[in-house]
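Shown next, in C-alpha coordinates, is the structure this report addresses.
The values are calculated or read from the model by the stated rules, or taken from the named source; none is laboratory data. The shown structure was predicted, so the numbers you read here are calculated from the model rather than taken from an experiment. Using ideal geometry, Cβ is built from the backbone for each residue, glycine included, and neighbour counts are taken over all protein chains shown.
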Amino acid sequence: MTEARSTGTTQDQGSLGMLSGLLHARFEVPLELLTPDAEFGTLGLDSLSVEELQLMISDNYGFELWTGDYDPGTTLGQAAEALAAGHGL
Amino acid sequence: MHPFPGDAPGPAAVLCGFGGWVPEREVTNAELADRLDTSDEWIRQRTGITSRHVIAPGGATSDLAVAAGRRALGAAGTRTVDAVVLATSTPDHISPATAPDVASRLGLHEAAAFDVGAVCSGFVYGLAVATSLIRAGIGGSVLLIGADTYTTVVDPGDRTTAILFGDGAGAVVLRAGAPGEPGETGPFDLGSDGTLKHLILVPNGGSRQRSSGALPPAGHDRSGDYVRLNGGEVFKHAVRRMSGSALAVLDLAGWPPDKLGWLVPHQANQRIAAAVAHRLGIAEDRVLSNIARVGNTAGASIPLLLAEAWEQRLLTEGDRVVLTAFGAGLTWGSAAITWPAAHP
(Lines give C-alpha, C1' and ligand atoms only; values in the text may rest on other atoms or scores of the structure.)
Protein backbone atom coordinates (compact mmCIF):
# COMPACT_ATOMS: atom_id res chain seq x y z
CA MET A 1 0.00 0.00 0.00
CA THR A 2 2.84 2.34 0.86
CA GLU A 3 4.36 1.81 -2.57
CA ALA A 4 1.02 2.30 -4.29
CA ARG A 5 0.72 5.79 -2.75
CA SER A 6 4.19 6.86 -3.82
CA THR A 7 4.94 8.40 -7.20
CA GLY A 8 7.47 5.71 -7.89
CA THR A 9 5.29 2.83 -9.12
CA THR A 10 5.21 1.88 -12.75
CA GLN A 11 1.57 2.91 -12.99
CA ASP A 12 2.30 6.28 -11.39
CA GLN A 13 5.22 6.82 -13.75
CA GLY A 14 2.99 6.02 -16.69
CA SER A 15 0.36 8.52 -15.53
CA LEU A 16 3.04 11.12 -14.85
CA GLY A 17 4.42 10.63 -18.35
CA MET A 18 0.96 10.97 -19.87
CA LEU A 19 0.21 14.09 -17.84
CA SER A 20 3.56 15.69 -18.61
CA GLY A 21 3.25 14.87 -22.30
CA LEU A 22 -0.20 16.40 -22.42
CA LEU A 23 0.82 19.56 -20.56
CA HIS A 24 3.81 20.05 -22.82
CA ALA A 25 2.20 19.21 -26.16
CA ARG A 26 -1.15 20.94 -25.71
CA PHE A 27 -0.42 23.74 -23.24
CA GLU A 28 3.23 24.36 -24.10
CA VAL A 29 4.45 23.97 -20.52
CA PRO A 30 8.30 23.79 -20.64
CA LEU A 31 9.56 20.26 -19.96
CA GLU A 32 11.91 21.44 -17.22
CA LEU A 33 8.91 22.54 -15.14
CA LEU A 34 7.23 19.15 -15.33
CA THR A 35 8.61 17.43 -12.22
CA PRO A 36 6.64 15.33 -9.70
CA ASP A 37 6.93 18.10 -7.11
CA ALA A 38 5.71 20.85 -9.43
CA GLU A 39 2.39 22.38 -8.42
CA PHE A 40 -0.21 23.04 -11.11
CA GLY A 41 -0.39 26.66 -10.01
CA THR A 42 3.20 27.18 -11.16
CA LEU A 43 2.70 25.87 -14.71
CA GLY A 44 1.15 28.98 -16.24
CA LEU A 45 -2.28 27.44 -16.88
CA ASP A 46 -5.32 29.69 -16.87
CA SER A 47 -8.82 28.53 -15.93
CA LEU A 48 -9.76 27.58 -19.50
CA SER A 49 -6.60 25.50 -19.85
CA VAL A 50 -7.55 23.72 -16.63
CA GLU A 51 -11.03 23.01 -18.02
CA GLU A 52 -9.53 21.62 -21.23
CA LEU A 53 -7.10 19.51 -19.22
CA GLN A 54 -10.01 18.13 -17.18
CA LEU A 55 -11.75 17.25 -20.43
CA MET A 56 -8.71 15.48 -21.86
CA ILE A 57 -8.15 13.51 -18.66
CA SER A 58 -11.83 12.56 -18.60
CA ASP A 59 -11.51 11.29 -22.18
CA ASN A 60 -8.56 9.11 -21.19
CA TYR A 61 -9.62 7.93 -17.72
CA GLY A 62 -13.39 8.35 -17.56
CA PHE A 63 -13.23 10.79 -14.64
CA GLU A 64 -11.98 14.32 -14.04
CA LEU A 65 -8.83 14.97 -12.05
CA TRP A 66 -10.40 17.49 -9.66
CA THR A 67 -13.85 16.27 -8.72
CA GLY A 68 -14.40 19.44 -6.67
CA ASP A 69 -12.77 22.81 -7.19
CA TYR A 70 -9.45 23.02 -9.00
CA ASP A 71 -6.60 23.15 -6.47
CA PRO A 72 -3.51 24.97 -7.77
CA GLY A 73 -1.51 23.40 -4.93
CA THR A 74 -1.91 19.89 -6.36
CA THR A 75 1.45 18.50 -7.47
CA LEU A 76 1.96 16.53 -10.66
CA GLY A 77 3.00 13.56 -8.48
CA GLN A 78 -0.27 13.66 -6.53
CA ALA A 79 -2.22 13.93 -9.75
CA ALA A 80 -0.36 10.99 -11.32
CA GLU A 81 -0.92 8.93 -8.21
CA ALA A 82 -4.67 9.59 -8.27
CA LEU A 83 -4.94 8.82 -11.97
CA ALA A 84 -3.02 5.57 -11.53
CA ALA A 85 -5.31 4.64 -8.64
CA GLY A 86 -8.38 5.24 -10.81
CA HIS A 87 -10.00 8.16 -9.03
CA GLY A 88 -10.08 11.92 -8.99
CA LEU A 89 -8.86 14.27 -6.26
CA MET B 1 -38.47 -3.86 -50.28
CA HIS B 2 -41.07 -2.73 -52.79
CA PRO B 3 -40.25 0.55 -54.40
CA PHE B 4 -42.78 3.29 -53.86
CA PRO B 5 -42.85 6.91 -54.90
CA GLY B 6 -41.17 8.01 -51.67
CA ASP B 7 -38.07 6.11 -52.71
CA ALA B 8 -37.54 8.36 -55.70
CA PRO B 9 -34.68 10.75 -55.06
CA GLY B 10 -36.15 14.14 -54.24
CA PRO B 11 -34.54 17.51 -54.66
CA ALA B 12 -31.45 18.45 -52.69
CA ALA B 13 -31.18 21.79 -50.91
CA VAL B 14 -28.35 23.86 -52.34
CA LEU B 15 -26.75 27.05 -51.02
CA CYS B 16 -26.69 29.82 -53.62
CA GLY B 17 -26.11 33.14 -51.87
CA PHE B 18 -24.68 34.61 -48.68
CA GLY B 19 -24.84 37.98 -46.94
CA GLY B 20 -23.63 39.41 -43.65
CA TRP B 21 -24.13 42.59 -41.68
CA VAL B 22 -22.81 44.06 -38.45
CA PRO B 23 -23.85 47.44 -37.02
CA GLU B 24 -21.60 50.41 -37.57
CA ARG B 25 -20.61 51.13 -33.97
CA GLU B 26 -17.46 49.27 -32.96
CA VAL B 27 -16.48 48.77 -29.32
CA THR B 28 -12.82 47.95 -28.72
CA ASN B 29 -11.32 46.16 -25.75
CA ALA B 30 -9.71 49.42 -24.71
CA GLU B 31 -13.13 51.07 -24.47
CA LEU B 32 -14.43 48.23 -22.27
CA ALA B 33 -11.29 48.30 -20.14
CA ASP B 34 -12.02 51.96 -19.39
CA ARG B 35 -15.22 51.07 -17.54
CA LEU B 36 -14.71 47.44 -16.46
CA ASP B 37 -12.08 45.79 -14.29
CA THR B 38 -10.34 44.10 -17.23
CA SER B 39 -7.68 44.72 -19.88
CA ASP B 40 -7.18 44.33 -23.61
CA GLU B 41 -4.56 41.66 -23.01
CA TRP B 42 -6.81 39.62 -20.68
CA ILE B 43 -9.75 39.73 -23.10
CA ARG B 44 -7.61 38.72 -26.09
CA GLN B 45 -5.88 35.93 -24.21
CA ARG B 46 -9.11 34.48 -22.78
CA THR B 47 -11.42 34.95 -25.77
CA GLY B 48 -9.47 35.94 -28.89
CA ILE B 49 -11.66 39.05 -29.19
CA THR B 50 -10.26 42.51 -29.94
CA SER B 51 -13.47 44.34 -30.86
CA ARG B 52 -17.16 43.81 -31.43
CA HIS B 53 -20.01 45.74 -33.06
CA VAL B 54 -22.97 47.02 -31.09
CA ILE B 55 -26.42 47.97 -32.31
CA ALA B 56 -27.37 51.65 -32.16
CA PRO B 57 -29.83 52.78 -29.46
CA GLY B 58 -33.35 52.02 -30.64
CA GLY B 59 -32.19 49.40 -33.14
CA ALA B 60 -33.41 45.81 -33.15
CA THR B 61 -32.46 42.33 -34.34
CA SER B 62 -34.80 42.67 -37.32
CA ASP B 63 -32.81 45.65 -38.63
CA LEU B 64 -29.68 43.53 -38.88
CA ALA B 65 -31.60 40.56 -40.27
CA VAL B 66 -33.10 42.68 -43.06
CA ALA B 67 -29.69 44.08 -44.01
CA ALA B 68 -28.07 40.63 -44.14
CA GLY B 69 -31.08 39.10 -45.89
CA ARG B 70 -31.04 41.78 -48.58
CA ARG B 71 -27.37 41.09 -49.30
CA ALA B 72 -27.92 37.32 -49.47
CA LEU B 73 -30.84 37.71 -51.87
CA GLY B 74 -28.71 39.99 -54.02
CA ALA B 75 -25.83 37.50 -54.00
CA ALA B 76 -28.24 34.74 -55.03
CA GLY B 77 -29.63 36.93 -57.81
CA THR B 78 -33.22 36.52 -56.67
CA ARG B 79 -35.92 38.75 -55.22
CA THR B 80 -38.32 36.06 -54.08
CA VAL B 81 -38.25 32.99 -51.83
CA ASP B 82 -40.97 30.69 -50.55
CA ALA B 83 -39.99 30.88 -46.88
CA VAL B 84 -38.01 33.02 -44.46
CA VAL B 85 -36.53 31.26 -41.44
CA LEU B 86 -34.94 33.44 -38.77
CA ALA B 87 -32.68 31.87 -36.15
CA THR B 88 -32.64 34.22 -33.18
CA SER B 89 -32.92 34.22 -29.40
CA THR B 90 -33.07 38.00 -29.16
CA PRO B 91 -36.29 38.65 -31.08
CA ASP B 92 -37.71 42.15 -31.43
CA HIS B 93 -40.67 41.16 -29.20
CA ILE B 94 -41.83 38.16 -27.15
CA SER B 95 -44.69 37.95 -29.64
CA PRO B 96 -44.97 37.88 -32.59
CA ALA B 97 -42.00 36.13 -34.18
CA THR B 98 -39.57 38.49 -35.90
CA ALA B 99 -39.34 36.64 -39.23
CA PRO B 100 -42.67 37.91 -40.70
CA ASP B 101 -41.58 41.52 -40.16
CA VAL B 102 -38.22 40.78 -41.77
CA ALA B 103 -39.92 39.08 -44.72
CA SER B 104 -42.26 42.01 -45.30
CA ARG B 105 -39.47 44.57 -45.12
CA LEU B 106 -37.57 42.54 -47.73
CA GLY B 107 -40.61 42.62 -50.03
CA LEU B 108 -41.21 38.90 -49.54
CA HIS B 109 -44.92 39.37 -49.03
CA GLU B 110 -46.89 36.28 -48.01
CA ALA B 111 -43.83 34.05 -47.82
CA ALA B 112 -43.95 31.55 -44.96
CA ALA B 113 -41.98 33.13 -42.12
CA PHE B 114 -41.10 31.91 -38.64
CA ASP B 115 -38.36 32.00 -36.01
CA VAL B 116 -36.21 29.10 -34.85
CA GLY B 117 -35.07 29.26 -31.22
CA ALA B 118 -31.96 27.21 -30.53
CA VAL B 119 -29.78 30.13 -29.42
CA CYS B 120 -26.19 29.81 -30.66
CA SER B 121 -27.02 26.52 -32.41
CA GLY B 122 -29.96 28.25 -34.10
CA PHE B 123 -28.39 28.66 -37.52
CA VAL B 124 -27.49 24.96 -37.80
CA TYR B 125 -30.98 24.00 -36.58
CA GLY B 126 -32.42 26.50 -39.04
CA LEU B 127 -30.34 25.04 -41.85
CA ALA B 128 -31.79 21.60 -41.06
CA VAL B 129 -35.31 23.08 -41.16
CA ALA B 130 -34.69 24.97 -44.39
CA THR B 131 -33.14 21.89 -45.99
CA SER B 132 -36.13 19.81 -44.92
CA LEU B 133 -38.62 22.30 -46.36
CA ILE B 134 -36.93 22.02 -49.74
CA ARG B 135 -36.38 18.26 -49.68
CA ALA B 136 -40.01 17.70 -48.72
CA GLY B 137 -41.15 19.85 -51.61
CA ILE B 138 -42.90 22.32 -49.30
CA GLY B 139 -40.92 25.21 -50.74
CA GLY B 140 -38.49 25.61 -53.62
CA SER B 141 -36.35 28.30 -51.99
CA VAL B 142 -35.65 29.55 -48.48
CA LEU B 143 -33.96 32.61 -47.01
CA LEU B 144 -32.34 31.54 -43.72
CA ILE B 145 -31.02 34.28 -41.46
CA GLY B 146 -29.14 34.04 -38.18
CA ALA B 147 -29.39 37.33 -36.28
CA ASP B 148 -28.86 38.33 -32.68
CA THR B 149 -28.30 41.40 -30.53
CA TYR B 150 -26.94 39.94 -27.30
CA THR B 151 -25.55 43.29 -26.24
CA THR B 152 -29.19 44.13 -25.41
CA VAL B 153 -29.33 41.36 -22.78
CA VAL B 154 -25.82 41.72 -21.38
CA ASP B 155 -25.26 43.39 -18.02
CA PRO B 156 -23.00 46.31 -19.00
CA GLY B 157 -21.25 45.97 -15.65
CA ASP B 158 -20.54 42.23 -15.94
CA ARG B 159 -17.01 41.85 -17.24
CA THR B 160 -17.45 38.14 -18.02
CA THR B 161 -20.27 38.65 -20.53
CA ALA B 162 -19.93 42.30 -21.59
CA ILE B 163 -16.59 41.54 -23.26
CA LEU B 164 -17.88 38.48 -25.09
CA PHE B 165 -20.88 39.43 -27.16
CA GLY B 166 -21.34 41.48 -30.30
CA ASP B 167 -24.35 42.06 -32.55
CA GLY B 168 -24.74 40.91 -36.13
CA ALA B 169 -26.62 38.95 -38.76
CA GLY B 170 -25.73 36.50 -41.49
CA ALA B 171 -27.98 35.04 -44.16
CA VAL B 172 -28.01 32.31 -46.79
CA VAL B 173 -30.35 31.51 -49.66
CA LEU B 174 -31.13 27.88 -50.43
CA ARG B 175 -32.81 26.55 -53.57
CA ALA B 176 -33.87 23.16 -54.81
CA GLY B 177 -31.11 21.43 -56.73
CA ALA B 178 -29.70 18.08 -57.73
CA PRO B 179 -28.21 15.63 -55.20
CA GLY B 180 -24.43 15.88 -55.28
CA GLU B 181 -24.47 19.40 -56.66
CA PRO B 182 -21.86 21.73 -55.08
CA GLY B 183 -23.58 23.68 -52.31
CA GLU B 184 -25.70 20.74 -51.13
CA THR B 185 -26.61 20.86 -47.42
CA GLY B 186 -26.65 17.82 -45.12
CA PRO B 187 -26.41 15.44 -43.44
CA PHE B 188 -27.05 16.91 -40.00
CA ASP B 189 -26.52 15.99 -36.36
CA LEU B 190 -28.64 17.82 -33.77
CA GLY B 191 -28.96 17.37 -30.01
CA SER B 192 -29.92 18.98 -26.70
CA ASP B 193 -29.71 18.61 -22.90
CA GLY B 194 -32.29 20.70 -21.04
CA THR B 195 -31.07 19.56 -17.63
CA LEU B 196 -28.22 22.06 -18.06
CA LYS B 197 -30.31 25.07 -19.09
CA HIS B 198 -29.06 27.00 -16.06
CA LEU B 199 -25.53 27.20 -17.50
CA ILE B 200 -26.58 29.91 -19.98
CA LEU B 201 -29.82 31.62 -19.05
CA VAL B 202 -31.72 34.90 -19.18
CA PRO B 203 -34.09 34.31 -16.25
CA ASN B 204 -36.63 37.08 -16.79
CA GLY B 205 -39.01 38.03 -19.56
CA GLY B 206 -40.73 34.69 -20.16
CA SER B 207 -43.86 33.03 -18.81
CA ARG B 208 -42.21 31.58 -15.69
CA GLN B 209 -41.18 34.97 -14.42
CA ARG B 210 -44.26 36.81 -15.66
CA SER B 211 -46.69 34.35 -14.06
CA SER B 212 -44.94 34.60 -10.71
CA GLY B 213 -46.85 37.61 -9.43
CA ALA B 214 -46.94 41.36 -9.51
CA LEU B 215 -44.70 43.37 -11.75
CA PRO B 216 -41.46 44.35 -10.02
CA PRO B 217 -41.37 47.85 -8.56
CA ALA B 218 -39.48 50.63 -10.27
CA GLY B 219 -35.78 50.48 -9.56
CA HIS B 220 -35.84 46.71 -8.94
CA ASP B 221 -32.77 44.53 -9.22
CA ARG B 222 -32.38 43.94 -12.94
CA SER B 223 -29.87 41.10 -12.71
CA GLY B 224 -32.53 38.59 -13.83
CA ASP B 225 -33.00 40.52 -17.04
CA TYR B 226 -29.46 39.78 -18.14
CA VAL B 227 -27.74 36.71 -19.51
CA ARG B 228 -26.03 34.51 -16.91
CA LEU B 229 -23.16 32.38 -18.10
CA ASN B 230 -21.14 29.72 -16.27
CA GLY B 231 -18.01 30.04 -18.39
CA GLY B 232 -16.00 27.10 -17.06
CA GLU B 233 -18.79 24.55 -17.33
CA VAL B 234 -19.87 25.90 -20.71
CA PHE B 235 -16.31 25.56 -22.00
CA LYS B 236 -16.22 21.83 -21.24
CA HIS B 237 -19.67 21.06 -22.59
CA ALA B 238 -19.11 23.19 -25.68
CA VAL B 239 -15.83 21.51 -26.58
CA ARG B 240 -17.18 18.02 -25.94
CA ARG B 241 -20.50 18.51 -27.75
CA MET B 242 -19.16 20.41 -30.76
CA SER B 243 -16.35 17.94 -31.41
CA GLY B 244 -18.63 14.93 -30.84
CA SER B 245 -21.32 16.35 -33.11
CA ALA B 246 -18.81 17.27 -35.82
CA LEU B 247 -17.43 13.72 -35.74
CA ALA B 248 -20.97 12.33 -35.97
CA VAL B 249 -21.75 14.38 -39.04
CA LEU B 250 -18.41 13.51 -40.66
CA ASP B 251 -19.33 9.87 -40.17
CA LEU B 252 -22.81 10.38 -41.62
CA ALA B 253 -21.30 12.14 -44.63
CA GLY B 254 -18.62 9.47 -45.05
CA TRP B 255 -15.89 12.09 -44.88
CA PRO B 256 -12.67 11.16 -43.02
CA PRO B 257 -11.61 14.09 -40.79
CA ASP B 258 -8.32 14.43 -42.69
CA LYS B 259 -10.27 14.95 -45.93
CA LEU B 260 -12.30 17.82 -44.50
CA GLY B 261 -11.66 21.11 -46.25
CA TRP B 262 -12.92 23.55 -43.63
CA LEU B 263 -14.33 23.61 -40.15
CA VAL B 264 -16.72 26.46 -39.37
CA PRO B 265 -17.30 26.51 -35.61
CA HIS B 266 -19.68 28.78 -33.76
CA GLN B 267 -17.60 31.72 -32.57
CA ALA B 268 -18.26 31.30 -28.86
CA ASN B 269 -14.67 31.88 -27.82
CA GLN B 270 -11.43 31.35 -29.74
CA ARG B 271 -10.21 28.98 -27.03
CA ILE B 272 -13.28 26.76 -27.50
CA ALA B 273 -12.83 26.71 -31.29
CA ALA B 274 -9.13 25.86 -30.91
CA ALA B 275 -9.88 23.02 -28.48
CA VAL B 276 -12.53 21.60 -30.83
CA ALA B 277 -10.16 21.74 -33.81
CA HIS B 278 -7.44 20.08 -31.72
CA ARG B 279 -9.74 17.22 -30.72
CA LEU B 280 -10.76 16.73 -34.34
CA GLY B 281 -7.15 16.87 -35.55
CA ILE B 282 -7.90 19.77 -37.90
CA ALA B 283 -5.14 22.30 -38.57
CA GLU B 284 -5.82 25.85 -37.42
CA ASP B 285 -5.49 27.23 -40.95
CA ARG B 286 -8.52 25.14 -41.99
CA VAL B 287 -10.73 26.67 -39.31
CA LEU B 288 -12.67 29.81 -40.23
CA SER B 289 -12.63 32.50 -37.57
CA ASN B 290 -13.80 36.09 -37.21
CA ILE B 291 -14.29 36.33 -33.46
CA ALA B 292 -11.38 38.78 -33.16
CA ARG B 293 -13.33 41.42 -35.09
CA VAL B 294 -16.96 40.71 -34.17
CA GLY B 295 -16.98 38.78 -30.88
CA ASN B 296 -19.60 36.13 -30.13
CA THR B 297 -22.58 37.06 -32.30
CA ALA B 298 -24.65 34.05 -31.12
CA GLY B 299 -26.93 32.76 -33.91
CA ALA B 300 -25.26 35.04 -36.44
CA SER B 301 -21.72 33.77 -36.05
CA ILE B 302 -21.69 30.87 -38.54
CA PRO B 303 -23.57 32.63 -41.38
CA LEU B 304 -21.41 35.73 -40.85
CA LEU B 305 -18.34 33.55 -41.36
CA LEU B 306 -19.88 31.96 -44.45
CA ALA B 307 -20.74 35.38 -45.88
CA GLU B 308 -17.18 36.60 -45.36
CA ALA B 309 -15.79 33.46 -47.00
CA TRP B 310 -18.14 33.99 -49.95
CA GLU B 311 -17.20 37.64 -50.41
CA GLN B 312 -13.48 36.91 -50.12
CA ARG B 313 -13.76 33.82 -52.36
CA LEU B 314 -11.84 31.98 -49.71
CA LEU B 315 -13.30 28.56 -50.46
CA THR B 316 -13.36 26.55 -53.68
CA GLU B 317 -16.38 24.98 -55.35
CA GLY B 318 -16.96 21.51 -53.95
CA ASP B 319 -14.89 22.03 -50.77
CA ARG B 320 -16.12 19.86 -47.91
CA VAL B 321 -17.20 22.01 -44.98
CA VAL B 322 -18.54 21.13 -41.53
CA LEU B 323 -20.49 23.69 -39.52
CA THR B 324 -20.63 22.98 -35.79
CA ALA B 325 -22.40 24.91 -33.06
CA PHE B 326 -23.25 24.85 -29.38
CA GLY B 327 -25.47 27.09 -27.34
CA ALA B 328 -27.85 27.67 -24.48
CA GLY B 329 -30.48 25.05 -23.91
CA LEU B 330 -28.15 23.29 -24.01
CA THR B 331 -28.29 22.70 -27.74
CA TRP B 332 -25.71 21.60 -30.26
CA GLY B 333 -25.62 20.67 -33.90
CA SER B 334 -23.46 20.13 -36.95
CA ALA B 335 -24.03 20.17 -40.68
CA ALA B 336 -22.00 18.89 -43.59
CA ILE B 337 -22.14 21.11 -46.67
CA THR B 338 -20.19 21.42 -49.86
CA TRP B 339 -19.17 24.85 -51.09
CA PRO B 340 -21.31 26.14 -53.95
CA ALA B 341 -20.19 27.30 -57.37
CA ALA B 342 -18.58 30.71 -57.45
CA HIS B 343 -20.87 33.62 -58.09
CA PRO B 344 -20.49 35.47 -61.38
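Structural remarks
- Every listed requirement among (1) more than 14 Å from chain A (Cβ to nearest Cβ); (2) modelled with pLDDT of 95 or more is met by B:S223 save one, (2).
- Restricting segment A:31-46 to residues that are outside any loop (DSSP other than H, G, I, E, B) and of a type in the set (D, E, K, R) leaves a set whose member that is farthest from B:R240 (Cα to Cα) is A:E32.
Here's the yes/no breakdown for (1) out of contact with any strand residue (DSSP E or B) (no Cβ under 7 Å at 6 or more places or on another chain); (2) within 14 Å of chain B (Cβ to nearest Cβ); (3) assigned to a loop (DSSP other than H, G, I, E, B); (4) over 26 Å from B:G48 (Cα atoms):
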site: A:L22; (1), (2), (3), (4): yes, yes, no, no
site: A:R26; (1), (2), (3), (4): yes, yes, no, no
site: A:L48; (1), (2), (3), (4): yes, yes, no, no
site: A:E51; (1), (2), (3), (4): yes, yes, no, no
site: A:L55; (1), (2), (3), (4): yes, yes, no, no
site: A:N60; (1), (2), (3), (4): yes, yes, no, yes
site: A:W66; (1), (2), (3), (4): yes, yes, yes, yes
site: A:Y70; (1), (2), (3), (4): yes, yes, yes, no
site: A:G73; (1), (2), (3), (4): no, no, yes, yes
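- Subset of segment B:296-344 (residues that are touching a Leu at 6+ places or on another chain (Cβ under 6 Å) and of a type in the set (G, A, S)): B:A309, B:G333, B:A335
- For B:L247, the criteria (1) crowded, with 21+ Cβ neighbours inside 10 Å; (2) within 14 Å of chain A (Cβ to nearest Cβ); (3) at pLDDT 95 or above hold in every case but one, which is (1).
- Taken over segment B:132-163, the criterion of being of a type in the set (A, V, I, L, M), assigned to a helix (DSSP H, G or I) and out of contact with any Ser or Thr (no Cβ under 9 Å at 6 or more places or on another chain) is satisfied by B:L133 alone.
- Top-ranked residue in segment B:279-307 [being surrounded by fewer than 18 Cβ atoms within 10 Å (Cβ to Cβ) and part of a helix (DSSP H, G or I); ranked as farthest from the other protein chains (Cβ to nearest Cβ)]: B:R293
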